[in-house]
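J.: Just passing along the structure, written as structure tokens.
Only the coordinates and a few stated rules stand behind these numbers; no lab work does. All of these numbers come straight from a predicted model, not from anything done at the bench. With ideal geometry, Cβ positions are generated from the backbone for all residues, glycine too; neighbour counts draw on all protein chains shown.
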Amino acid sequence: MSKALVIYASRTGQTKAIADLIAEGIRFVGKEAYVKPISEIKSPEDLQEYDAYVLGSATYHGEMISSMKQLLFLAEKAGLSGKVGGAFGSFGWSGEAPERIFNTMKHVLAMDLTGDCLRLKTVNLEGGPAMAQGYGKEIGEKMP
């Protein structure tokens, strides 16, 4: 069965909540999904054996959390070219992190991404859970 790894960098728990809902959406279409905090990924080997990768970070001061930048460097060494992927994140004011992650996954890592990234202020807003689960379904349907 195809497996997806959903990795998140979160300070307040909002990005983790989005990660959990994305994983649910992936499972809705019959694929396996594993959610891990970014602190559990220490080497390129930790990124092996998955068919899809969904990376998320909150936006702070217009940037992704620094540990996500470090993860993207590890991902470059992991050889994820052609793998299915997506990017997501929560934000307070600006929300640049998901787009920056998405663009790195597309242009540097050469991954096969969904149509766009997912940006949510919070999953508590009306429609937030459905949007996150829908994003997961989209990724799951793209997986082999």
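J.: Have a look at the DSSP beta bridges in the chain and tell me what percent are antiparallel, nearest 5.
T.: Restricted to the chain, the bridges split so that about 10 percent are antiparallel.
J.: Report the one residue of 132, 48, 93 whose Cα lies farthest in the direction of the positive end of the charge dipole of the range 3-142 (charges on C-beta: Lys and Arg +1, Asp and Glu -1; origin at the Cα centre).
T.: 93
J.: At what distance in angstrom do the alpha carbon centres of the range 91-144 and the range 27-66 lie from each other?
T.: Between the Cα centres of the range 91-144 and the range 27-66 lies a distance of 12 Å.
J.: Just flag the GluC sites (Glu not before Pro) in the range 1-80 sitting in loop per DSSP whose Cβ has no more than 10 other Cβ atoms within 10 Å.
T.: Counting only loop positions with at most 10 other Cβ atoms within 10 Å, the GluC sites (Glu not before Pro) in the range 1-80 are 49.
J.: Where nothing but the Cβ of Lys and Arg (+1) and of Asp and Glu (-1) is charged, how large is the charge dipole of the range 3-142 around its Cα centre, in debye to the nearest 20?
T.: Charge dipole, the range 3-142, about its Cα centre: 160 debye, nearest 20.
J.: Shifting gears a bit: Once every DSSP H run of n ≥ 4 in the chain is given -39500 (n - 2.57) and the sum is divided by its residues, what mean residue ellipticity at 222 nm do you get, rounded to the nearest 500 deg cm²/dmol?
T.: Using -39500 (n - 2.57) per qualifying helix, the result is -12000 deg cm²/dmol.
J.: Separate question: So, R0 is 25 Å and r is the distance between the beta-carbons of residue 61 and residue 36; what FRET efficiency does that work out to, to 0.05?
T.: Efficiency at R0 = 25 Å is approximately 0.50.
J.: While we're looking at this one, here's another question. Quick one: Debye curve from the alpha-carbon atoms of the chain only, equal weights, vacuum; give me log10 I(q)/I(0) at q = 0.09, 0.21, 0.22 Å⁻¹ to two decimals.
T.: Evaluating at q = 0.09, 0.21, 0.22 Å⁻¹ gives log10 I(q)/I(0) of -0.21, -1.30, -1.44.
J.: Out of every Cα pair in the range 9-57, what percent are spaced more than 12 Å from each other?
T.: 65 percent
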